[in-house]
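Trainee: This is the structure I have questions about; it appears just below.
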Amino acid sequence: DSGVTQTPKHLITATGQRVTLRCSPRSGDLSVYWYQQSLDQGLQFLIQYYNGEERAKGNILERFSAQQFPDLHSELNLSSLELGDSALYFCASSVGGARRSETQYFGPGTRLLVL
Amino acid sequence: AQSVTQLGSHVSVSEGALVLLRCNYSSSVPPYLFWYVQYPNQGLQLLLKYTSAATLVKGINGFEAEFKKSETSFHLTKPSAHMSDAAEYFCAVSLSNTGNQFYFGTGTSLTVIP
């Protein structure tokens with residue numbers, strides 16, 4: 001158990017819909033990262049938040065957005081869902097967020113299926 | 001540009017045999033390299049990481065990896081495979097100077113044959 005929690009574990013929805021994925025980092029960690037794992041794209045970095053502020057952005061679509069709240073939990077919002085958004089979405093956390101040597105601790109993931 | 005390349009998407013070894021999973025990186029800055037393991041229906045778990053302190057890094061579950069700058073490699077090895085080692089293995093590199101995002105390889109699925 002990494003200490004990172006993600007809800008829900010599974011999500012099934014229809015095209016065009018909007019969903020929210022939630023992540024609680026390990027106690028004491030200030031950074032939260034979101035990754036998407038799909039068969040065709042592999043594991044791709046989406047976005048990083050550090051202590052409530054966006055720190056880095058990766059291959060995140062404009063239909064996707066995220067935020068980190070004062071209690072440090074984070075939510076990833078996916079809207080206008082398409083079939084291709086079906087994937088496993090991971091959240092990870094780390095103590096800081098600027099040192100490249102920091103370990104990221106991954107949650108169990110949310111499996112999204114868009115029908 | 002591909003930052004991390006994992007050669008061999010599938011590797012099969014016999015139980016008790018040497019495990020060798022390959023990872024090559026490309027980086028214009030000193031890299032920080034990580035190996036993670038993913039068991040079915042689970043998240044990623046850190047096996048080991050290289051942060052320039054020592055070129056030979058020992059990790060959990062008997063795994064180790066050697067950083068070779070001249071070969072731009074960070075291959076993962078284990079002397080004797082166990083059935084419980086069957087999983088997906090990912091090599092990752094941290095490159096950015098503005099954040100700490102990881103760039104992952106495409107993964108190698110390890111099968112252990114009894």
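Read-outs throughout are calculated quantities, based only on the coordinates presented, and are distinct from any laboratory measurement. These numbers were taken from a predicted model, which means no experiment stands behind them. A quick note on method: Cβ atoms are made from the backbone with ideal geometry, for glycine too, and the neighbour counts reach across all protein chains shown.
Trainee: Quick one: grab the alpha carbon gyration tensor of the protein assembly as shown, order the square roots of its eigenvalues as a ≥ b ≥ c, and give me rounded if a/c is under 1.5, else prolate or oblate depending on whether a/b is larger than b/c.
Mentor: prolate
Trainee: Could you work out, residue by residue across B:82-93, how many beta carbons of other chains sit within 10 Å of that residue's beta carbon, and then give the average as an integer?
Mentor: Mean partner shielding for this stretch: 1.
Trainee: Would you order A:Arg18, A:Arg100 from fewest to most other beta-carbon atoms within 10 Å of each residue's own beta-carbon? Display every interim value, and only then the final one.
Mentor: On the way: A:Arg18 11, A:Arg100 18.
Neighbour counts put them in this order, fewest first: A:Arg18, A:Arg100.
Trainee: Of the options A:Gln6, B:Phe102, A:Phe106, report the single residue whose Cα projects farthest towards the positive end of the charge dipole of the protein assembly as shown (beta-carbon charges: Lys, Arg +1; Asp, Glu -1).
Mentor: B:Phe102
Trainee: Only four residue types carry charge here, +1 at the Cβ of Lys and Arg and -1 at the Cβ of Asp and Glu. Report the dipole size of the stretch A:1-68 about the Cα centre in Debye, rounded to the nearest 20.
Mentor: Rounded to the nearest 20 debye, it is 160 debye.
Trainee: For B:Val29 and B:Asn41 in the same chain, what is the full-extension length gain: residue separation times 0.36 nm, less their Cα-Cα distance, in nm? Mind dumping the intermediate values first?
Mentor: Details: separation 12, 0.36 × 12 = 4.32 nm, distance 3.42 nm.
The B:Val29-B:Asn41 span can extend by a further 0.9 nm.
Trainee: Tell me, what is the percent relative contact order of chain A, built from C-alpha pairs under 8 Å that lie six or more residues apart?
Mentor: 37 percent
Trainee: A further question on this structure: Please express the shape of chain A as an equivalent ellipsoid: the semi-axes are the square roots of 5 times the eigenvalues of the C-alpha gyration tensor, given largest first in whole angstrom.
Mentor: 23, 14, 13
Trainee: Related question: Could you let me know the centre-to-centre spacing of the stretch A:43-80 and the stretch B:36-91, using Cα atoms, in angstrom?
Mentor: Result: 28 Å between the Cα centres.
Trainee: Mind checking which of A:Glu53, A:Glu75, A:Glu62 has the largest fluctuation in a GNM of chain A, springs on alpha carbons under 10 Å?
Mentor: A:Glu62
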